[in-house]
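Report on one structure; see the data block that follows.
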Amino acid sequence: FNVLTDGLVSVNFGMFALTTVVVIYVASGGLKSVAYVDCAQAILLAVGIAILGGIAIHYAGGWGGFTGGLADIVQKDVSSGQNLTPDGYSMKVAIPGGIQMVSAGSKASGGAWTGIMCMTYMFALMGIQSSPAFSMWAFSNKTPQAFRWQQVVASSIVVGILLFTFTIFQGLGGHILVANGVLENINDKNLVPELINLLSDAAPWLVGLLAVCALAAMQSTGSAYMSTFSAMVTRDIYTKY
């Protein structure tokens, strides 16, 4: 809200407004409303990721400008001797080794995302399956027939394609747009809203759609845990005491 409105809407107001909307539909519709809304938000999120990747490539000068800009950044890192992995490659296009024995991730040469860091991070993400929210959703299904399609097609193929293509376009495109002077002071927290804001003059309707897509990620996560928490409190505390 804060970035898209150029500071007109404060961060705190946006936080409370978003929370209020989620609480209303979770409290009024229960688990079924969360399931239906999350299905719609998953589609919005996938569409938004793909569009944002396309926006990054477009403002980088098309595919040729994107690849050329990336080559310039890599060449600059190599020639300056900065942002290099222990093997001498640019950290933009290479993993900084399998593992580095350092006291903090910030002290790792070429970045903290070594091979073991990526692997353990994926292990941590897999642990979300043990969350009560996913257990409740699994047991509330009438049939497990859809599970295999969701796991193989949705989670692996669709999400895999999005994460290994369009999100990379967004991240690398952000570096290229900063180098070209299109964006300034970009980090992992404000890259997405800044990419959306590039369309504020050319396609304001798309700005609104992409804002909804970005909010869908936060709403789908928040609604699931709100629903789970309320069910646990109601069943384990309220009905007993």
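General observations
- Just one residue in the set Thr143, Thr228, Thr234 is closer than 21 Å to Asp38 by Cβ and surrounded by 15 or more Cβ atoms within 10 Å (Cβ to Cβ); that residue is Thr228.
- Leading residue by the ranking (nearest to Thr228 (Cα to Cα)) among those in the range 51-73 that are of a type in the set (Gly, Ala, Ser) and surrounded by fewer than 17 Cβ atoms within 10 Å (Cβ to Cβ): Gly54
- A Cβ distance below 7 Å, combined with a sequence gap of six or more or placement on separate chains, defines the contacts here; from the range 184-198, residues that are assigned by TED's automatic domain parsing to the domain that holds Val47 and farther than 15 Å from Ala217 by Cβ reach residues that are of a type in the set (Phe, Trp, Tyr) and in a helix (DSSP H, G or I) in the pairs Leu198/Tyr59.
- Applying a threshold of 6 Å to beta carbon distances and a minimum spacing of six or more residues, or different chains, the list of pairs starting in the range 203-232 at a residue that is assigned by TED's automatic domain parsing to the domain that holds Val37 and closer than 25 Å to Ile55 by Cα and ending at one that is in a helix (DSSP H, G or I) and of a type in the set (D, E, K, R) reads Ser220/Asp38.
- The lone exception for Cys39 - which of (1) surrounded by 17 or more Cβ atoms within 10 Å (Cβ to Cβ); (2) in the same structural domain as Val159 (by TED's automatic domain parsing); (3) not aliphatic (A, V, I, L, M) it fails: (1)
- Of everything listed in (1) surrounded by fewer than 16 Cβ atoms within 10 Å (Cβ to Cβ); (2) outside the structural domain of Ile55 (by TED's automatic domain parsing), the single unmet condition for Phe164 is (2).
The values are calculated or read from the model by the stated rules, or taken from the named source; none is laboratory data. No experiment lies behind these values; they were computed from the predicted model shown. Ideal geometry is used to build each Cβ from the backbone, glycine not excepted, and the neighbour counts take in all protein chains shown.
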